[in-house]
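The values are calculated or read from the model by the stated rules, or taken from the named source; none is laboratory data. As the structure is a computational prediction, the values presented were derived from the model and not from experiment. Ideal geometry is used to build each Cβ from the backbone, glycine not excepted, and the neighbour counts take in all protein chains shown. Please note that ligands, DNA and RNA were not included when accessible areas were found on the heavy atoms of the full protein model with its side chains. Shrake-Rupley method; radii C 1.70, N 1.55, O 1.52, S 1.80 Å.
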Amino acid sequence: MSIHDDTFPTPDGSQHETVGEAFNDYLGLVEETIRTQVTDHDIKARIRGALGRAASRVHQSKGFSELGGRRELLDELLALVHGPQQDPMVLAGPSGTGKTTVAAVLAERTRELGAQVWWISAADPVTMSQGLRAVAEQIGGARDIELIARGGADAADRFWRLLENASPRWLLVFDEADDPRVLAAGDSPAGIQDLTGWVRTSARGLVLVTSRETDARMWGAAQLRMVGELQEADATRMLLELAPSAGDVDRARALARRLDRHPLSLRLAGSYLRSRAAQGVTFAAYERALSEEAGRYARGRHTAVPAQTLTARTLKLSLDGLAQQGMPQTRPVLQLASCYAATTIPASLLNADSLTGVLATLGDTFPGGPGGADEALHMLKDIGIFEPTEDGIALHSAIVEAGRASLDGPDPSSARIRHAAIELLAASAAKLPIDLPAAWPQYTLFGSHLLSLLGTTADQVDRAHLGQLMETVARTANAFNHCRAGRAGSVLCERALAHGAALGNEHRAVLRVRHQMAWPIADRGEFAEAEALYRDVFQIRLRVFGSMDRDVLDSRHELAWIAACKQDWVTAEKGYRETLDDSIRILDPADPRISLTRHELAWVIANQDRNRLGEAGEIFRRVLTDRCQILGAEHPRTLTTLHELAWTAARQGKWEEAEADYRNLLVLRLRILGKDHPDTILTCHELAWIAARRGRILEAESRYSDVLDHRRRILGEDHPQTLATQKALEDLRRGRITDAQHLA
């Protein structure tokens, strides 16, 4: 594989899509992200985290009063889990009414009773596919995992065959299915209208869906339960449990009415009144402040207002109160966090150190120093706005929406906050290596936050920060390419190009984004299309930046690689040699791009003539020495050179030596890259080739069969590597042995 470790310098100086509208764009991201970028551990950890965060909302009150009058609903749901066949249950209602809380308590109680629980976030196709994949793995669907995750025509049927063969008595939750179209599969209509999609009836368990969609027509075949405001007594009790020192029952009841008994608003108000920041603020005082804030809506009398408005008002009162107590920095910290996606914001991105610099840029209004930033994070958690997660923090989607809306006003700091959101993500990504497996799960989260910034922020920032956002997209796509999640990178790049059009076609960052889009095309075997894209980028770079520019060198390298992919070995060798000579003159001697070009030059030499295998081997050994010194002995690119040395030895007929090298390499790749990485599978394919050449035909056939199944699942039926293994197996069964070939 030919990918460059580009370094991206920091520049000087919304419309929201529904899940359905974004679905087609996300399919590539789903397929590749789930396949190779996110490990099994990552998927399960995210599901546990989502379930834990939902349950924590319940425990934030000292009792379970947030369930209030819904205890009867909880008992009904528990009975359904353990009862006879039931249609799916949908909990529908506005944001913040406690649907996820009810589902979380149900899940907790169900597990306590010994039944199996699965939790799938249906907020968008990416997270839903992750959840579907994890469930399929847990119930033994190894052969169906990727087909289910990709959402093919029969994916839902496969998924439900697995469920119906699972142990009885289970609960399956599809949380936050606010756009019911995400639950459709194959030819089924949107929502749960005919029970042929992802949600169906079962005698072995219960499917529970939570959604903001309250139109009963979307849930025609399901049992629909509306989850709205709490009963007055329960809302009052919730406030009293959260803030027992804030006043008596009558005052709590009055505030509960003012908040329309809306659970999220009640929780935010109660959590604030309980906090040390409130310093004796009572229910009555909070109600007066809320009435003043709502005056222009209520006109002196209480009227119902949308839940989103209630959430925004309670947030504003909490932040105003914190500002009055000397903590005005909490407001910009919340606004900054709301620029990102409503998923985990890793601590490496948002922490006291990173926020200190942001607050300093906003002027003297906000307390500086690590203490001020740390206090802001602590207080936002204490009053229920930030929810702690295993790796960072998360925000309720309604809070994210309110935070973003607060940035749309005339406050001049809004632009600086949007700029800071881009700067922090760019700086955090720049610290991560592109080509090391340990960093790839972090890039997964960054991909989600980049999509959010592109959709809600890109058209409201200056040219320099738009360029920085594009640079970060290019870097993340480069990481996706390294972990062989190329289509995920392509989707991200396509979205970036749509939102970054204002920069023009000749901007360096735009060209870097386009450059990263070509490799996944070539990986699919579409060399002519990839070459056209590489060549167009090269010609623009050459004209704008000059022949000795580093990005121009990158383009020249990739054009040589494309020539090699097309087996135009003479052109490829000439291109690599010229690029290598100029790279040695321009780049630092330790720049890994020099060893990359030298490595691929050796690969081209080895493919041309068996008489040149010795020459290629000498170059590979020099590259191995350089890579061990610069990158380390276990870096993935060092392992790639070990692979080429084993392959070269085999081409020279040194079968015993080659097999020993391949076996050692497989141990390393399994440990470092994992069993599903295409490079690991390639090693297994070539071990099958070695076994065939050494006369162990049955072993070779078994190995090829395993690799074929693996490649079909990981890469797909039509990927060139899958087809290569299929041909090798068919030839072997006909008495022929196909020598192993691969791209660099």
Arrange the peptides 697-705, 240-248 so that the one whose residues have, on average, the most other Cβ atoms within 10 Å appears first.
240-248, 697-705
From the gyration tensor of the Cα coordinates in the range 384-531, what semi-axes in whole Å does the equivalent ellipsoid have, largest first, with each one equal to sqrt(5λ)?
28, 20, 12
Do the alpha carbons of any pairs in LYS99/LYS675; LYS99/LYS316; LYS675/LYS727 sit beyond 31 Å of each other, and which pairs?
LYS99/LYS675
Solvent-accessible area per residue for the range 358-450 (1.4 angstrom probe, square angstrom)
37 Å²
Just to be sure I understand: of the beta bridges DSSP finds with both ends in the chain, what percent are antiparallel, rounded to 5?
20 percent
Run lengths n ≥ 4 of DSSP H only: what is the helix-derived mean residue ellipticity at 222 nm for the chain, with -39500 (n - 2.57) per run over all residues, to the nearest 500?
-19500 deg cm²/dmol
If you place +1 on the Cβ of every Lys and Arg and -1 on the Cβ of every Asp and Glu, how big does the dipole about the Cα centre of the range 665-744 come out, in debye to the nearest 20?
220 debye
Check which residues have an amide H placed less than 5 Å from SER121's amide H, if you skip close sequence neighbours.
GLY131, ASP175
Listed highest first by mean packing, meaning other Cβ atoms within 10 Å per residue, what order do 719-730, 465-476, 516-527, 608-619 come in?
465-476, 516-527, 719-730, 608-619
Neighbour net charge for SER202 - beta-carbon separation under 13 angstrom, K R +1, D E -1
+2
Within 14 Å, Cβ to Cβ, of ALA602, how many net charges do the neighbouring residues add up to if Lys/Arg are +1 and Asp/Glu are -1?
+1
Total charge dipole magnitude, the range 436-579, about the Cα centre, Cβ charges on Lys, Arg, Asp, Glu only, Debye to nearest 20
140 debye
Taking the dipole about the Cα centre of the range 375-530, with the C-beta of Lys and Arg at +1 and of Asp and Glu at -1, give me whichever of PRO441, GLY504, PRO410 is farthest to the positive side.
GLY504
Per residue, how large is the accessible surface of the range 513-634? Use a 1.4 angstrom probe and give square angstrom.
42 Å²
What whole-number volume per residue, in cubic angstrom, does the convex hull of the C-alpha atoms of the chain give?
161 Å³
Could you please state how large a percent of the accessible area of the chain is carbon and sulfur, counting protein chains only and using a 1.4 Å probe?
49 percent
Compare the peptides 632-640, 399-407 by average per-residue count of other Cβ atoms within 10 angstrom and give them in order, highest first.
399-407, 632-640
Excluding ALA650 itself, what net charge comes from residues whose Cβ is under 9 Å from its Cβ, given Lys and Arg +1 and Asp and Glu -1?
-2
